[in-house]
Amino acid sequence: IDRAIEQAKRVGMKYFVLAYLMPQERQSIDDYKRYADRMNEAGRTCKAAGLQFCYHHHSFEFVTLAGERPWDVLLSRCDKELVGLEVDVFWLATAGLDPAATIRQLGSRVKLVHLKDRAKGAPVALDEGKVPPTTFKEVGNGSLDFPGILRACRDAGVQHYFVEQDHAPGDPTVSLRQSVTFLRGLTV
């Protein structure tokens, strides 16, 4: 981690994000407990180096394992002073949560947010590998309440937003332009 932090600082990064846990790394609730403890260690190391460590979730953290949701284990076990969150509004909605309400609940823990829309009527899915590509929509072309989400983000003090779309129906730059145009037209 020290070498990665040195590289991150060299290019001017301020955030150091754990973007994904591979399926073999998250087989049990104890795996999540171990990862939370390791994230605290990484967060402490990053903080000492002037970086903010964050965890980026998907929908698999909301499945129940041994009577607990990994999401709840991570939130309770990760030190909020050391481990921030990179929230993805698509994955919150895909897990059946209201993104704006969740961001409000998490408050200042949310440092970064991924903005992408979700098809109307798409079912809850806790296995991200089974989400059809057509579920991913340009911001403003789906079911999510972006004015509400952006107000919640503003109130939480979110620092950076990322407009993304895991799957685009054609040229990704066309989809990106459509999302950005929609967002620029919003009044929040």
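The values are calculated or read from the model by the stated rules, or taken from the named source; none is laboratory data. Note that the coordinates shown come from a computational prediction; the quantities given were computed from them, not determined experimentally. FYI the Cβ positions are ideal-geometry reconstructions off the backbone, even for glycines, and counts take in every protein chain you see. Quick note on the areas: whole protein, heavy atoms, side chains included, nothing else; ligands and nucleic acids left out. Shrake-Rupley method; radii C 1.70, N 1.55, O 1.52, S 1.80 Å.
Any residue at all in the stretch 126-142 that's among the acidic types (D, E), open to solvent by 20 Å² or more (accessible area, probe 1.4 Å) and more than 19 Å from H58 (Cα to Cα)? Scanning the stretch 126-142 turns up no residue that is among the acidic types (D, E), open to solvent by 20 Å² or more (accessible area, probe 1.4 Å) and more than 19 Å from H58 (Cα to Cα). The number of residues in the stretch 79-95 being over 18 Å from E164 (Cβ atoms) and open to solvent by less than 10 Å² (accessible area, probe 1.4 Å) comes to 2. Any residue that is polar (S, T, N, Q) and exposed (fewer than 14 other Cβ atoms within 10 Å of the Cβ) - is there at least one of those in the stretch 96-103? Within the stretch 96-103 (the criterion being polar (S, T, N, Q) and exposed (fewer than 14 other Cβ atoms within 10 Å of the Cβ)), the answer is no, since none of the residues qualifies.
Cβ-Cβ distances below 6 Å connect no pair with a first residue in the stretch 22-40 that is over 21 Å from Q52 (Cβ atoms) and open to solvent by 40 Å² or more (accessible area, probe 1.4 Å), a second residue that is part of a helix (DSSP H, G or I) and among the basic types (K, R), and a separation of six or more residues or different chains.
Residues in the stretch 104-116 that are under 14 Å from H56 (Cα atoms), open to solvent by 10 Å² or more (accessible area, probe 1.4 Å) and not charged (D, E, K, R): how many?
We begin by selecting, within the stretch 104-116, every residue under 14 Å from H56 (Cα atoms); these are 106, 109-115.
Adding the requirement that they be open to solvent by 10 Å² or more (accessible area, probe 1.4 Å) leaves 106, 109, 111, 114.
The next check asks that each one be not charged (D, E, K, R); those that pass are 106, 114.
Of the residues in the stretch 104-116, 2 are under 14 Å from H56 (Cα atoms), open to solvent by 10 Å² or more (accessible area, probe 1.4 Å) and not charged (D, E, K, R).
Pairing residues of the stretch 118-146 that are touching a residue at least 40 places away in the same chain (Cβ under 8 Å) and under 24 Å from R104 (Cα atoms) with residues that are buried (at least 19 other Cβ atoms within 10 Å of the Cβ) and among the basic types (K, R), at Cβ distances under 6 Å and at least 6 apart in sequence or on separate chains, gives S143/R118; L144/R118.
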